[in-house]
Every structure is written in C-alpha cells, then in structure tokens.
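Since the structure comes first, as structure tokens, the remarks are kept for the end.
The values are calculated or read from the model by the stated rules, or taken from the named source; none is laboratory data. Given the structure is predicted, the values throughout are model-derived calculations rather than measurements. Cβ coordinates were reconstructed from backbone atoms using ideal geometry, including for glycine residues, and neighbour counts include every protein chain displayed. With ligands, DNA and RNA removed, areas are computed over all heavy atoms of the protein, side chains included. Shrake-Rupley method; radii C 1.70, N 1.55, O 1.52, S 1.80 Å.
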Amino acid sequence: MAIGRQRMMKNATARLVAGVLLAGVICVGSAAQGQPLGRFVRPVSLLETSTSSGDDSDFAGGASLKTDPELDQFLKRADLFAEDGRYDLASVLWQRVLDESSGTVMTRDDWTQQTSRRKYKRYRSVIGEIEQTIANLPPAGLRTYRVTADGEAQALLSGAETKDLEEALTQVTTRYFLSSHGDDAAYRLACLRMDRFDFVGASRLLAKVLNQYPDSNIPREDLLLRMAVASARVGDQESARAAWDKLKDSGTDLPAHLVSLVEADLSREGIDKVQLVGASQQWTMPYGNPARTGHMLPLPGSMTSNTMSELWTQDFEISIGTSHSNEYPYQVYEDLERLRRSRIGATQNTTPASREQMLQRWKQGGWAPAGGMLLADGKAYFKASDRVICRDLQTGELVWMGRKNRFQPDKLSLMYMQRGQQLGKPTNVAEVMLFGDRIHQGMAISDGWLFNVEGPIVDDFNNPAPQPNQNPRRGYGYRSMVGRARTNWIAAYDATNGKLKWHRSAGGDDTEGGKFDVGFMAAPVPFARFLIVPVIDGGSLWIYALEKKTGRTAWKSFLCDDPDSGASPWSPIALAIDGGDAYVSTGAGVIFAIDALNGRTRWAVRYQRSGAAGDTNVRNAYQMIGQIKGWREDMVIPHGKHLVVMASDSDELFALDRRSGEFLWESPRT
C-alpha cells in the first residue's frame, strides 16, 4: 500500500520510542514493584479483530484502506504496561496513537452485513477503540492518563481566540476526549452544531458523552434533552423516544412549553424534510450546494405551455483529433496501439470524425453531455473547448474569458478510446471531452470567485506551457498501475470580471510545476475558509483542503489506494459536505465519512463491486475496460440520518447511516 516515506518515518520514530519505553520498564521493574494501581481488563486487540483491508476475498478488486498492523504492537505494549500498573507509560503510547492514527481504520467480523444481493463491511477509526480502552481504566489509571492530557487540553482551549474556539474544541474532543475537559468540549461543540442545524454531528457528540465518558459533570438531563431533539431532527425516532423516556423517568421538572415543543418534534415523522434547501435562481456548483441537495426554480406555466425559442447561442470550434495520432503522453501506449492494430489488420492512422459522425454516434450510444452550466448574479458560466466563458444571462453578451488551456485525457481514458468503437463509447479526444470526461468540466462558485479545473495552459498558437516530467519510458505490465491519475490545475477567477486570483497544480503550490500523475478528481467544494477537493496521487486517493484565498494546502488526508482493477476514468470522485461531515464515494468500492475541518476519518464502508470489478481473475485495468457496471457518475446525498449512495461501480442504490456507516437499505438500479 502506498503509505509514503513520511508515514514510514513516523512509524520508525514511534517504534523507537516504544522500544525505549519497554526497555525502561524492564530496567525499573525491580524498583517499581508494589501493588498495581487498579485492575486493568485487557480489551480486545486490534489484531484480534481485523486490520487488513486488501486481502478480503469477499471484496476482491476493491480499494485498499489505510490499516497499520504496527499500531497493534504499540497497543499491545500499552496493555502490558497497564497490566503492570504502569499507566504513565501506557498513556504515552495511547496518546501517540491518538495523535497519529487519524486515518487508520479497523473492523470486526460482525461488522459485515449480508443482503440478498451483496455484502457491506463497516470500518471505524482506531481512535474510538483507544478511547474505549482508556474509558474502561480503573480510577487510578484514568487519573494517571489525565495528568498529561488535562494540561494539553487546557493549553489548546486557553490559547484559542474566539474565532478559533470551535477548532480548539474539535481538537480536544478528538485527541483528549478522556481528559477532564473532554466532555465539556464535546458538549459545547454539540450545542454549536445544533445552532447551525447540524443535528447529525450534534447527536454523534452527545452520544459520545452519554455512552463513553465515564465521569461527566454535565447534567445528564441536559444531555438527554438535546439528544432527543437532535435524534428527532435527523429522523431517528427510536433513539429520540428512548432519550426522551429516560429524561422523563429521571423525574426532571421541565417547563410545560419545552415539553410541548419536544413532543411536537417527536410526533412528526421525517421531520428532517423541513430542512431541505429551497429552490434558487443561483446555481453555483454541481447539484446546487455542498450537500448536493439543491434544486432549481420551476419554469412558469406560461413558458412551458408554448413553444420556446432560443434566446442566444454560443458557437465554438472543436478540434476533433484522434486517439491514435499524437495524443499519447507515453511512447509505450503508441507501441501497444501499433501492435494491436497490426494484429487486426487495421491502418495506422484514422481520419478524424466529422461533426455529423459525432452527432450520429451521440444518438446511437445514448450518451449524455459531460458539461454543465453555473448561474450566479445574472451571469452564465460554462466551458468551451479551450477555456471557461462568462456571458450575460439575458443578452448573451460576452463578459470575460478564462485562460486558454487544453483538455488532456488521462492514460486510462486513452485506453478506453482504443476500444470505444467496440463498446459504443467515445473514440477520440473531442468525444471524450464532450460526452465522457466529467472531471475536466468541474467548476464551482463561492464568495464571488469561480474555481475552475483546467488542463495545461497553451498560448495563442496552441503551444503548451512547460509540463512536469512525464517519464516517457516508464514500464508497464502486471501491477504497473494504469490508473485514473491525471495532471491538471485549479484556477481561481473573480466571477465578476475574470481576474485571475491564483492558479495551482495538484502536485504543488507552484504555478505550472508539480508532480506528474497528481491531479484533482472533481470540482472543489467550499467549506468555511477551505476548498475541499479529492486528489489522485499516482495510485493513492487523498482529500485536500486548500485555502480559499490563496490556494495553498491547509491539510491533506489519505483515504485509500486505487485498486489494480481500475475505476471509471470519467466519473468525478463524489464529495458532499453537510454540517461538519464530508462524505466521499471513491468509485473503487469504498465510501468514507471524514471530518471536514481536519480530514480525520470517521468511518468507512466497503461494498462488493458490480461486474468484473469484483472478479479475482482480473489482473489489471486493461481487462476492466467496459466491464465496470454502475451509475454514470458517483453521487452521495446526505438526507436526515441517511446517506444515499450511487456508485459508478455498483448496480445498487443503497443507503447508510450517516452517523456510523451502518447499512440501512438497498435497491437495484433499473
């Protein structure tokens, strides 16, 4: 698994520290003899559950998750220290894992659910397991852990200004939840989430305090009251009623008006429906908003009852090109294509398709256009063949144009084009740009700026700017990953006048440089001061948070490795943000929920892929071409307690519980 040099160095450092601690215990064992400070019950080890995600035959062909068996060695050593009453040394290891395992996940055998059609397997962050271990310590052990944790948590809270308070509360809740300040931080954070109508995040935090914190000083009736309201608002009537009944059984005297309000929430099934975003004339990103729940205003009946006519049109030239001329970034693929064509007796060169031929293939293939349009402040934003264009929505008058750039297919797209005629798919660069690749079409508007996914910049003579080294003689063959990685950029423009604000590649913050095969895989999604965007780096999938005003990387979080069997090269990696949670559909057999503020993994769910994607005999991406069955593009829609998933590699429409990833229901794609 491609974890990277930095992660390997961290692991080596952690092993060294753990080894020193273990040696220290051996040396002081005779001096530290005495009665243990309490009885420690050893929890279930992570290795006694499951930390391996790439060798499960039930989910063959899927992505490999970030699992780290070395963490279990640290935890085993911590358990040994705790059994000997050395909670001070055990706490050092527990805290190290809490600080460094933000994306590491684990699972248990009983977290796999079998339906009549397929299996789903749930993973959760290792952090939850460690917190449960610390919560179950005897009183003396918990006090020892808090000697250091309390000071660290207090430093975070004291050093936070008002504008940074929420981030500090999040850090305390994540890293020092079992400190003396953890329950208060989680409670305050839950109240902030409720004020913003993020009832999913609030209910998760409240449940954490109620069920995991061993000695909370927060009045239980305050927790139960808010738990009942938050659960009702996400449509979980069972949990809401359970919390409300416990509150009433406690004998707490509640004001009559408050009782009536809560009872009204509990009596309304599916109350989350009232939280739907209203229709809007603004359409600033795909599907209307970061949660992907937007919808447009309907057309007036007076318009639809009569024949409508064009208000204005935009014509632009398309350089059709071919997939078999000079479009290959690697000489090896030209060699492969020549070999393939010689075997079937085809000529080396093909004639570019005409406009009429393209229209005919469009109709025959039932293709859907890949591009879209954004609407904001009376302007329309769309992509021509070589740049983004802004026009007045009423008159069609040109307002501004973006920089000229070239659509550059990724390697997997080139392989798909070679078999396009056979599969009824696009066969040349123009067809892929117009009817296939939806990643290049990505753009979004936020705070008056347009963020546009672009290809290599070209001059007026179509000469490309200098590109990163492409290593043209790179080897190929079994396990030489031919993935969906690409080289592209995000450009930020003033949405009013088109002034360029910043421009960066996925491989670095510099203007035109960066690493090859590192590319943005969807339009960025705005969240607070960040732009959240998926990135493929070689064969690994990451989530980046970019500073909205500068484009610089604020943080990045590793999710998984792309499978050797490949994925749809033209579907954007789906990303939806609601409240403080970001949900990701990878198109590689895994769904993620992460904290949108810092990228920490909350949970992950693997599902069995459809078609040959789950075939253990498929050895590489070339065998997968045309064999992945699923939706045209990945989509995740958070709604109430549900996360509705449409994956490009699954023939199912299925739903998961947003709070835990637990499977709820599925329905076949028709």
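Things to note:
- Computed with a 1.4 Å probe over protein heavy atoms only, the accessible area of Met401 comes to about 90 Å².
- Gyration tensor (alpha-carbon) shape descriptor, segment 122-230, a/c threshold 1.5: oblate
- Surface accessible to a 1.4 Å probe, per residue, for the residues of segment 150-222, Å²: 45 Å²
- For peptides 490-501, 292-303, 555-566, sequence by mean Cβ density within 10 Å, most packed first: 555-566, 490-501, 292-303
- Rounded to the nearest 20, the size of the Cβ-charge dipole of segment 67-208 about its Cα centre is 740 debye, with Lys and Arg at +1 and Asp and Glu at -1.
- Between Gln314 and Leu664, the FRET efficiency from the beta-carbon distance, with R0 = 41 Å, is close to 0.40.
- Shape category assigned to segment 119-165 from the gyration tensor of Cα positions, a/c cut at 1.5: oblate
- The length gained by stretching the chain between Arg355 and Asp245 to full extension, at 0.36 nm per residue less their Cα-Cα distance, is 32.8 nm.
- From phi via Karplus (6.51, -1.76, 1.60), per-residue ³J(HN,Hα) for segment 249-258 in Hz, x at Gly/Pro: 5, 6, x, 5, 8, 9, x, 4, 5, 5
- Rounded if a/c under 1.5, otherwise prolate or oblate - segment 63-197, Cα gyration tensor axes: oblate
- Computed from phi, the 3J(HN,Hα) profile of segment 367-375 under the Karplus parametrisation 6.51, -1.76, 1.60 (θ = phi - 60°) reads 6, 10, x, 7, x, x, 9, 10, 10 Hz, with x in place of Gly and Pro.
- Relative to the current alpha-carbon distance between Thr496 and Asn136, full extension at 0.36 nm per residue lengthens the span by 123.9 nm.
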